[in-house]
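Everything on this sheet refers to the single structure shown next.
The values are calculated or read from the model by the stated rules, or taken from the named source; none is laboratory data. Keep in mind that this is a model prediction, so the values were computed, not measured. We place every Cβ from the backbone using ideal geometry, glycine too, and count neighbours over all the protein chains shown.
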């Protein structure tokens, strides 16, 4: 694969204009929004639920806190936070209106009519004041952002001093013996499942490729620190298939 230039970036294994990536990603999630949570179950064998529980456990939200959940359109993390801390306020921000629509519908189904607000917003340009939230969470979204350093800088900007950053993302598998099996699952099985369940093979091929293009644990930790967040810590999940990155605005 060729290196990208200043005006180019990766969309999976393809090189595209930076200005085009957000629209391409939006198209992927517009396509899969209605079956996104079902596909997460199929893609991970349901393990994503354990990873998200581990994320909220580490976050340990409290009543009275304002948590911003970015790229959380379907509400999975927001609902878990409210279950743990019913008196917390959660703002869900997602660039995809289709995903936000799914989340709002799920909230109504759960009778969660207050305490969660929904924003169609770009992670690189959040419509929130500086130093306005107690915690910033993002699960399986940061790898789809065009300018990851810009999104990390926005996370620092909106966090209050002493505020918590917590990111759950697919990462680099640390068990070498499992890599052939993991690659076969990612690049052969997932697109076929996407075709069968969501009638969308290409979107799930992109999702698998985007995982491989995302920085490894140590590199991403350095990016977080470079954005001005401190006390960066990493926890590998399922041998590094996913990882939690925690940091604080000091």
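Quick check on my filter: what residues within the range 97-106 are surrounded by fewer than 23 Cβ atoms within 10 Å (Cβ to Cβ) and either more than 20 Å from residue 158 (Cβ to Cβ) or in contact (Cβ under 8 Å) with a residue 40 or more places away in the chain (or both)?
Result: 97, 98, 101, 102, 104, 105, 106.
Report, by residue number, each residue of the range 108-132 that is under 16 Å from residue 71 (Cα atoms) and either more than 14 Å from the chain's Cα centre (by Cα) or surrounded by fewer than 21 Cβ atoms within 10 Å (Cβ to Cβ) (or both). Don't jump to the end; show me each part of the working.
So the first thing to find is which residues in the range 108-132 are under 16 Å from residue 71 (Cα atoms), and the list is 116-128.
Once the filter is applied, which keeps residues that are under 16 Å from residue 71 (Cα atoms) and either more than 14 Å from the chain's Cα centre (by Cα) or surrounded by fewer than 21 Cβ atoms within 10 Å (Cβ to Cβ) (or both), the range 108-132 yields 116, 117, 118, 119, 120, 121, 122, 124, 125, 126, 127, 128.
Output yes when any residue across the range 160-171 is more than 20 Å from residue 56 (Cβ to Cβ) and surrounded by 14 or more Cβ atoms within 10 Å (Cβ to Cβ), and no when none is. Before you say what the answer is, go through the steps one by one.
Our first condition is that a residue be more than 20 Å from residue 56 (Cβ to Cβ); within the range 160-171, this holds for 161.
Going one step further and asking which of them are surrounded by 14 or more Cβ atoms within 10 Å (Cβ to Cβ), we end up with none.
No, there is no match, as no residue in the range 160-171 is more than 20 Å from residue 56 (Cβ to Cβ) and surrounded by 14 or more Cβ atoms within 10 Å (Cβ to Cβ).
Given the options 225, 218, 176, name the one that is more than 15 Å from the chain's Cα centre (by Cα), over 21 Å from residue 58 (Cα atoms) and surrounded by fewer than 20 Cβ atoms within 10 Å (Cβ to Cβ).
Numbers: 225 fails: over 21 Å from residue 58 (Cα atoms); 218 fails: over 21 Å from residue 58 (Cα atoms).
So the residue among 225, 218, 176 that is more than 15 Å from the chain's Cα centre (by Cα), over 21 Å from residue 58 (Cα atoms) and surrounded by fewer than 20 Cβ atoms within 10 Å (Cβ to Cβ) is 176.
Scan the range 208-230 for residues that are over 20 Å from residue 134 (Cα atoms), modelled with pLDDT of 95 or more, part of a helix (DSSP H, G or I) and touching a helix residue (DSSP H, G or I) at 6+ places or on another chain (Cβ under 9 Å) and jot them down.
If the condition is that a residue be over 20 Å from residue 134 (Cα atoms), modelled with pLDDT of 95 or more, part of a helix (DSSP H, G or I) and touching a helix residue (DSSP H, G or I) at 6+ places or on another chain (Cβ under 9 Å), then 217, 220, 223, 226 are the ones that fit.
For the condition in contact (Cβ under 8 Å) with a residue 12 or more places away in the chain and over 14 Å from the mean Cα position of the chain (by Cα), what is the one hit in 54, 78? Quick ask: steps written out before the conclusion?
Details: 78 fails: over 14 Å from the mean Cα position of the chain (by Cα).
After applying the criteria, what remains is 54.
Of the numbered conditions (1) surrounded by fewer than 21 Cβ atoms within 10 Å (Cβ to Cβ); (2) farther than 20 Å from residue 225 by Cα; (3) at pLDDT 95 or above, residue 184 satisfies every one except a single condition; which is it?
Of everything listed in (1) surrounded by fewer than 21 Cβ atoms within 10 Å (Cβ to Cβ); (2) farther than 20 Å from residue 225 by Cα; (3) at pLDDT 95 or above, residue 184 misses just condition (3).
Confirm whether residue 89 is out of contact with any helix residue (DSSP H, G or I) (no Cβ under 7 Å at 6 or more places or on another chain) and crowded, with 17+ Cβ neighbours inside 10 Å. Quick ask: steps written out before the conclusion?
Working: out of contact with any helix residue (DSSP H, G or I) (no Cβ under 7 Å at 6 or more places or on another chain): yes; crowded, with 17+ Cβ neighbours inside 10 Å: yes.
When the stated conditions are applied, residue 89 passes them.
If you check residue 20 against the conditions, is it out of contact with any strand residue (DSSP E or B) (no Cβ under 6 Å at 6 or more places or on another chain), free of Cβ contacts under 8 Å to residues at least 12 places away in the same chain, exposed (fewer than 14 other Cβ atoms within 10 Å of the Cβ) and farther than 28 Å from residue 133 by Cα? Don't jump to the end; show me each part of the working.
Working: out of contact with any strand residue (DSSP E or B) (no Cβ under 6 Å at 6 or more places or on another chain): yes; free of Cβ contacts under 8 Å to residues at least 12 places away in the same chain: yes; exposed (fewer than 14 other Cβ atoms within 10 Å of the Cβ): yes; farther than 28 Å from residue 133 by Cα: yes.
For residue 20, the condition - out of contact with any strand residue (DSSP E or B) (no Cβ under 6 Å at 6 or more places or on another chain), free of Cβ contacts under 8 Å to residues at least 12 places away in the same chain, exposed (fewer than 14 other Cβ atoms within 10 Å of the Cβ) and farther than 28 Å from residue 133 by Cα - is met.
In the range 179-215, how many are within 24 Å of residue 136 (Cα to Cα) and more than 15 Å from the chain's Cα centre (by Cα)?
Filtering the range 179-215 down to residues within 24 Å of residue 136 (Cα to Cα) leaves 207, 210-211, 213-215.
Going one step further and asking which of them are more than 15 Å from the chain's Cα centre (by Cα), we end up with none.
Residues in the range 179-215 being within 24 Å of residue 136 (Cα to Cα) and more than 15 Å from the chain's Cα centre (by Cα): 0 in total.
From the set of residues in the range 189-201 that are over 14 Å from residue 38 (Cα atoms) and without any contact (Cβ under 8 Å) to a residue 12 or more places away in the chain, which is surrounded by the fewest Cβ atoms within 10 Å (Cβ to Cβ)? Write out each step before concluding.
Restricting attention to the range 189-201, the residues satisfying the condition of being over 14 Å from residue 38 (Cα atoms) are 189, 191-192, 201.
If we keep only those that are without any contact (Cβ under 8 Å) to a residue 12 or more places away in the chain as well, we get 189, 192, 201.
On the way: 189: 14, 192: 12, 201: 15.
Within the range 189-201, the match that is surrounded by the fewest Cβ atoms within 10 Å (Cβ to Cβ) is 192.
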